[in-house]
Each structure stands twice: as structure tokens, then as C-alpha cells.
1. Restricted to the range B:62-99, and to residues that are out of contact with any strand residue (DSSP E or B) (no Cβ under 9 Å at 6 or more places or on another chain) and not in a helix (DSSP H, G or I), which residue is farthest from the other protein chains (Cβ to nearest Cβ)?
2. Any residue in the range B:102-120 that is touching a residue at least 60 places away in the same chain (Cβ under 8 Å), part of a strand (DSSP E or B), away from chain A (no Cβ under 14 Å) and surrounded by 18 or more Cβ atoms within 10 Å (Cβ to Cβ)?
3. Residue check: is residue A:42 without any contact (Cβ under 8 Å) to a residue 40 or more places away in the chain and not acidic (Asp, Glu)?
4. Can you tell me which residue among A:246, A:242, A:284, A:266 is on the phi > 0 side of the Ramachandran plot and within 20 Å of the chain's Cα centre (by Cα)?
5. Looking only at residues in the range B:121-141 that are more than 23 Å from residue B:154 (Cβ to Cβ) and part of a loop (DSSP other than H, G, I, E, B), which one is nearest to the chain's Cα centre (by Cα)?
6. Which of the residues belonging to the range A:152-178 are closer than 16 Å to residue A:237 by Cα and within 16 Å of the chain's Cα centre (by Cα)?
7. Check every one of the helices (runs of 4 or more DSSP H) wholly within the range B:156-207 and list those with 2 or more residues that are within 14 Å of chain A (Cβ to nearest Cβ), within 27 Å of residue B:225 (Cα to Cα) and free of Cβ contacts under 8 Å to residues at least 40 places away in the same chain.
8. Quick one: which of B:77, B:15, B:22 is loosely packed, with under 15 Cβ neighbours inside 10 Å, among the charged types (D, E, K, R) and modelled with pLDDT of 95 or more?
Protein chains: 2
Amino acid sequence: MSLLAVGTVAFDDIETPTGRAEKVVGGACTYISLAASYFVKPIRIVSVVGDDFPADMLHYMEHRGVELDGLQIKKGEKSFFWAGRYHSNFNSRDTLDTQLNVLADFNPVVPEHWRDAEYLMLGNLTPQVQLSVLEQLTKRPKLVALDTMNFWMDIAMEDLKKVLAKVDVLTVNDEEARQLSGEHSLLLAAKAIYKMGPKYVVIKKGEHGALLFHRGEDMFFAPALPLAEVIDPTGAGDTFAGGFMGWITKTDDTSFENMKRAIVYGSAMASFCVEAFSIERLKGLTPAMISHRMQQFAELVRVDFN
Amino acid sequence: MSLLAVGTVAFDDIETPTGRAEKVVGGACTYISLAASYFVKPIRIVSVVGDDFPADMLHYMEHRGVELDGLQIKKGEKSFFWAGRYHSNFNSRDTLDTQLNVLADFNPVVPEHWRDAEYLMLGNLTPQVQLSVLEQLTKRPKLVALDTMNFWMDIAMEDLKKVLAKVDVLTVNDEEARQLSGEHSLLLAAKAIYKMGPKYVVIKKGEHGALLFHRGEDMFFAPALPLAEVIDPTGAGDTFAGGFMGWITKTDDTSFENMKRAIVYGSAMASFCVEAFSIERLKGLTPAMISHRMQQFAELVRVDFN
């Protein structure tokens, strides 16, 4: 099985209450692909960078089993850049700067030999670009997951609804689920979003864990692991999505029961992500480290009523 | 086994984004005792009201196994009154009015025949009153739990620390845990609070569930149940504490494993509380209803990795 992932590969400037990092590697597709690479190979990415993007980072991604045939490298142009500052609670942030650069006229091209992808993760991008990728595929993937954000709900709701109608899984945060559905209750929000298309709705609540809804009825909740120190939450949601889709692609099982396992793997990968700036913590993880973290998640909710 | 509970019995005016209730029954001790009454009898309360407090409510409490020998009824005086307005997210609220009335010079008296209490819940009150109750007991209870709030941390931190040194369990919300400890990480906050006295720290996160820490090391997390509609969050934390202490008193077991069960029972009782204004939803619950809700909580986190 292989996973096709679409999203940004970019640079970030990040300021947190405890530190800062300048022009570090970021981007949804970077986090998704590195997280997923701990479960399955190959990961195939469709994205765009300028020629300012470091070659050694691209080599590292290839080393982790990420195939770059769908990555456009634009000569003389600059990679997408985002700068943000986290508030004292780490749960909210301000965008300080966004430079679209190569993303301004990004026209995604799925290489011919990737058009029969079995699993597809549409990372956060304009709904039009997400839709364009879907339309290039020659057969319907077994599972399509889509991540989006409030920004697209504000300016491109109609396009977003078009692509939502074609996907199986939506991942959003709690405020985005509320905005998209107009419902305050996350249960009612998930029911409303189910009617828009996605059989599965994953609501990411950051330090408060993640909820999975199936057909607006069955529910599953995975907590986040309480950590001694959070360094940088950037990319945690994408890392979650990467772990989630990596597990599903590896196991080739889209049942609700397996989705639940995928949610815990996603949460475990996200718990690593926030322990360092940029993608640093996603380098050099081992199966033993992931397995140990999974045990911590299992222990956190284990209770015996017998 | 019997449970001794101390706290307010009062009136509330409540305004939420979807409705309002005027001069309804409230007070920490009311919620604690009614929730606990579904697990164990008798519940013995130490509190104070004015003669404006409805006799039929007191009869109802007695009917549920709540003994009122320690409830002072002050002739010609008024009961404690609180008015608050919830914000659109239900997670934060403004206090609109506080009339201490009988609480202004409340001098709690534990009846002679209750002074060998085995389980004690010190509901949110001035740390001095909480300490005074503890000092009236002729033997150390098997377990003492204490609830408090940011207000006492602001104006009576020294008194609060004195009583904290004498209790086994502290229940606070996440922001209060951070304020008390000076730590942002809830894991580090729990470690710091453990050093102040309580072996167990329970961090209530409202719609985001509850964390239990044992000796600043072992952790357990119970989610809140996603609900279609929240009507009134008032008293949810006290109801949680009542269910928690009710279960522990009933089972006479203060092990970490049993505390975990108690956290889930507390969460289940709190999930009922928020479904109506005041204590309405805590009237007329049945063992079958509580058992069904417990199954929903178990199902919410159930995942099988085999």
C-alpha cells in the first residue's frame, strides 16, 4: 500500500512563550509525510517549493521513504513562508506574516504513475487545489482524508463544500467543526458534517485530545498525553493526520475499529511533534519509542471495573 | 460507611446563551450530596441557609438520604446567593452578583455524633472554614477531599496552603492548578501540588474531561461525554466531586485503581448535571440510567489493539 499526500512544504518562523525558531522547515505535507513514514513506505507527495528549499532536507525525506516525483521545485522562486506567535496557553496563535510565494499559482500535478493511489491525504490547502488533485486520479482511492481550516470556511465555503462531498474523512479542530456546522455541540457538529459527505469526522482538540465520529453516531475519544514541556505545537495536527493515515495505509483497513487505533497512533505521533521546534522530534524516532508512547496512551485511560 | 460533606446550600440566578433560571436551588453542598446519594447513604452535610430556603427542598434531600443535623437554619436571614452569566462557549462565566448573607459569619459546627466521619468532602468555601471542620473531627478520616477555587488563591493563599497540607485529594480546574502551582504543564502542576500535601490531584477540565494524578506520577484520564445539548454547567464540578466521593465511600477503597473508577462515576454524574438547570437532572435518576451512562463512557475510549 502507498499513501499519496498533498500539502505545503515550507519555511516557518515560530515564536512561543519559551523560545523562537527562524526559517525552519515546516509545511503540512512535510509533517504528514514524515509522521506517516514511520508506518508505511512509500509516501508520495504532491507539493511545490522554491529553489531556496534545502536539498539536504529533501534528501532526508527520500531517506525516510518519501518519494518526490510530485514535488515541483521552482527555479528562482521562494518557498511558502509562514510566521506565527503562540499565546501563553499554547492553544491559540497569531499569524504574523504569510508569504505565498510559489503557492500563489500552485497547480498540483499528480505524476501519471501515481494516479491509482489507494490512500490519499489532502493536507490543508485551497479547496480548489485539493479538488484538482482528486480529479486527476484515475480511480477512487480506498480512503480520502481532508484537512482544512477556518480561513477556507471564511473565503471559499462553496469550494470547500464541493470537495467535502467527495471525501471519507475530515480532520478539523473543534472551533472549525463548530464554524463549518453552525452547531456548538461537537456531537451535533459531527452529525451535520456527516451530511456534507465525510463518513468519518475527526475533531482535533490539541492538548484536549481528539474525537472520532462515524456516520455522526459512533464516537471514540483519544486523550492527548500530558507532557512536562511543550516546545512548539506547529505541525501537531498534520503530524496527527500523518500518523493516522500512515497506520490506515499500512493496515489497509478502513473499519471504525481500525480508525480508532489510527487515532491513537496519530495522537502518539503528535505528542512527539510538540516536544521540539519544527520537525526535529520526528527525526530518528524508533519503533520502540513509538511503541512505548502507545503504551503510555493505553495506560492513561485504562480502568478496570471488574 | 458515611460521607460528611461541607459546602454551600444556596440560591443561584443563571444566564446561559440559551436560557435563564432565577432563584433556583444551588450550592456546592447541594450538588455534592445529591450526586453522592446515588451511591451511599447517609450523606451528612454541614452548611448554613436562611429561613428563605424552601422546606420542600430540604425534605427532598432527606428523602435521598441526606442528613441535615449539621445544617444551620438562620431565622430572619437570607441564604447565600450567586448570579452568573455563561459566555457563548459555556466554558467561562462572569459573576454578576454575590450576596454572602448567612455565609458572611458562617461558623461550621460538626454535630458531636458525626465527628468520627470516615470520608470527608470539603466543598469550595473559605479555607478557614474548611480547616475549622477538619479540626473538629475526633479522628482522621480515611480520606479527605478538598475543592477550592482561584478566588481563595488570590486572597487567602496562606490559609489554603495550611488546609492543603492536611488533605488527601485536591479537586481544581486546569487554570486553578496552573495558578496554584505556577506551572503551565498540568503534569508539572500536579507534581508541584503533590508536594503541598494531596496524594491525589484531580484536574477538572469541564467538557475536556478530568485528569487524576497520584503522587505526581501515575496518571489517569477520563473524557467528558460529548452531549447534544448543554443547558447549564453550574454545579458540574461539585456533582463530579459528589459522584467521586460517593463511589469511594460506598466501596471503602482508596487505592489508585478505585480512584480511577471514582473519576468515571464522577464524570458520569456531571454529564447528567449539565443537561438541565439547577439540580433538576439529579432528581429521579435510576441505577439503570447511571449504569447506561457508565457504559457510554467505557465505549467512548474502548479500543482493541489485538
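The values are calculated or read from the model by the stated rules, or taken from the named source; none is laboratory data. In this text, all values refer to a predicted model and were calculated from it rather than measured experimentally. Using ideal geometry, Cβ is built from the backbone for each residue, glycine included, and neighbour counts are taken over all protein chains shown.
1. Step by step, filter the range B:62-99, then rank; the result is B:91.
2. Within the range B:102-120 (the criterion being touching a residue at least 60 places away in the same chain (Cβ under 8 Å), part of a strand (DSSP E or B), away from chain A (no Cβ under 14 Å) and surrounded by 18 or more Cβ atoms within 10 Å (Cβ to Cβ)), the answer is yes, since at least one residue qualifies.
3. Answer is no for this residue.
4. A:284
5. Ranking the candidates gives B:141 first.
6. A:169, A:170, A:171, A:172, A:173, A:174, A:176, A:177
7. Those helices (runs of 4 or more DSSP H) span B:174-181, B:186-196.
8. Going through B:77, B:15, B:22 in turn, just one is loosely packed, with under 15 Cβ neighbours inside 10 Å, among the charged types (D, E, K, R) and modelled with pLDDT of 95 or more: B:22.
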